[in-house]
Amino acid sequence: QVQLVESGGGSVQAGDSLRLSCAASGRTLSRYAMGWFRQAPGKERESVAAISWNVINTYYADSVRGRFTISRDNAKNTGYLQMNSLKPDDTAVYYCAAEYLGSGTFYSKWSNWGQGTQVTVSS
């Protein structure tokens, strides 16, 4: 099992940027796919971005493509989600997830989850 802790959320204005971090412990992230998901109040959880364990493939929801970038620093055992040009519709609790040797596709299995970090974007 790998433990995941998100950080970097906050309250910002539309058009601002945030970088979310997902610090892993217990296992090295280098063999894990990593994904970011979000859930807004009253809505179902949705996929945001993901990266395969070998960093070959990345996936983005249409709503964030071109604005968000997923990355991973194996030396720091940390994953990131850089969010630019934020919109009020991006307001949600953001969760990171990891899967050992995962393909990183949104609908694949994600066994390890963090507790989430709140992102609030005001207009």
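Give me Rg over Rh for segment 34-85, both radii from the alpha carbons and Rh done the Kirkwood way, two decimal places.
Ratio of gyration radius to Kirkwood radius: 0.99.
Out of the total accessible area of the chain (probe 1.4 Å, heavy atoms of protein only), what percent is carbon and sulfur?
Result for the chain: 47 percent of the exposed heavy-atom area is carbon or sulfur.
Give the shape of segment 9-53 as rounded, prolate or oblate, defined through the alpha-carbon gyration tensor: a ≥ b ≥ c are the square roots of its eigenvalues, a/c under 1.5 means rounded, and otherwise the shape is prolate if a/b is larger than b/c and oblate if not.
Prolate, because a/c is 1.5 or more and a/b exceeds b/c.
When DSSP beta bridges are limited to those with both residues in the chain, what percentage is antiparallel, rounded to the nearest 5?
Roughly 90 percent of the DSSP beta bridges within the chain come out antiparallel.
What are the extents of the Cα atoms of the chain along their three principal axes, in Å, largest first?
Ordered largest first, the chain gives principal extents of 39, 25, 24 Å.
Among Ala61, Met34, Gly8, pick out the residue whose Cα is farthest towards the positive end of the charge dipole of segment 1-63, where Lys and Arg carry +1 and Asp and Glu carry -1 on C-beta, about the Cα centre.
Met34
Any idea of the accessible area per residue across the chain, 1.4 Å probe, to the nearest Å²?
51 Å²
Return the aspartates and glutamates within reach of Lys43: Cα separation strictly under 14 angstrom, same-chain partners fewer than 8 residues apart disregarded; answer none if there are no such residues.
Asp89, Asp90
By how many nm would the segment from Ala40 to Ser122 lengthen if fully extended, with 0.36 nm per residue of separation less the alpha-carbon distance?
Taking 0.36 nm per residue and subtracting the Cα distance, the gain is 28.1 nm.
What whole number of Å gives the distance from the Cα centroid of segment 50-123 to the Cα centroid of segment 1-29?
Segment 1-29 and segment 50-123 have Cα centres separated by 9 Å.
Within 10 Å, count the other beta carbons around each residue, average over each peptide in 113-119, 31-37, and list them highest first.
Answer by packing, highest mean first, reads 31-37, 113-119.
Compare the peptides 66-79, 91-104 by average per-residue count of other Cβ atoms within 10 angstrom and give them in order, highest first.
Per-residue Cβ counts within 10 Å, averaged per peptide and sorted highest first, yield 91-104, 66-79.
Taking amide hydrogens as modeled 1.01 Å from N in the peptide plane, which residues meet the under 5 Å criterion relative to Asn57, leaving out close sequence neighbours?
Result for Asn57 returns Ser52.
The values are calculated or read from the model by the stated rules, or taken from the named source; none is laboratory data. Values in this document were obtained by computation on a predicted structure and should not be read as measured data. Positions of Cβ are generated from backbone atoms using ideal geometry, with glycine treated the same way; all protein chains shown enter the neighbour counts. Just so you know, the surface numbers come from the protein's heavy atoms only, side chains and all, with ligands and any DNA or RNA stripped out. Shrake-Rupley method; radii C 1.70, N 1.55, O 1.52, S 1.80 Å.
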